[in-house]
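Working notes, structure below.
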Amino acid sequence: MAAQTQACTRCHQKNPLDHVNFSPASSFGRAGIEYAKTCRGCQKKKDDALAKKRVTAENTSGAGQNTAKKKSDNMSVFAALNVLSLDGFVAKVSAPNRDKILTTIISLPMDSHDVRKRADALAKVIWDATDYRFK
């Protein structure tokens, strides 16, 4: 029985279809293990070129150099917001002439340190006050 061969989609060279020349794909097909269509040599060249491109992009954009400054810039958006208590927030959203868009920081009681539970509790308060529903 002759060994199966497969042509690489990049270099078009025919190689034996095995784990030495081609990487196994992440799934199994009808015939068992399926192999990538690109040979390992071409895939390594492609990965190296992509890594080099990412490093070049990071160096030219200045990413990594000013990360602390970028975080502080993002925090300045929050510094300008009003802080409302939960009761004040409920009063504002349940008022008949309520704002359509409300951007604020809500001071929540620290009943739980679980962020998900606190978010669910806030959603329930909004639901009860406005009959709005979140999907």
* Grab the Cα-Cα distance for TYR132 and ASP18, subtract it from 0.36 nm times how many residues apart they are, and report the gain in nm with one decimal. => 35.3 nm
* Multiply the residue gap between LYS53 and ALA3 by 0.36 nm, knock off their C-alpha separation, and tell me the result in nm, one decimal place. => 14.3 nm
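Let me check I've understood the local charge: for LYS37, count other residues with C-beta under 14 angstrom from its C-beta, Lys and Arg +1, Asp and Glu -1. What total comes out?
On the way: positive: ARG10, LYS14, ARG40, LYS46; negative: GLU34.
So the surrounding residues net to +3.
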* To do: Compute the length gained on full extension between HIS113 and GLN43: take 0.36 nm times their separation in residues and subtract their Cα-Cα distance, giving the result in nm to one decimal.
  => 20.6 nm
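Counting only other residues whose beta carbon sits under 13 Å from that of ALA51, what net charge do I get with K and R as +1, D and E as -1? Kindly include the intermediate steps, with their values, before the conclusion.
On the way: positive: LYS44, LYS45, LYS46, LYS52, LYS53, ARG54; negative: ASP47, ASP48, GLU58.
Around ALA51, the charge tally is +3.
None of the figures in this text is laboratory data; all of them are computed from the coordinates on show. Please read these numbers as outputs of a predicted model, since none were measured by experiment. Cβ atoms come from the backbone with ideal geometry, glycine included; neighbour counts cover every protein chain shown.
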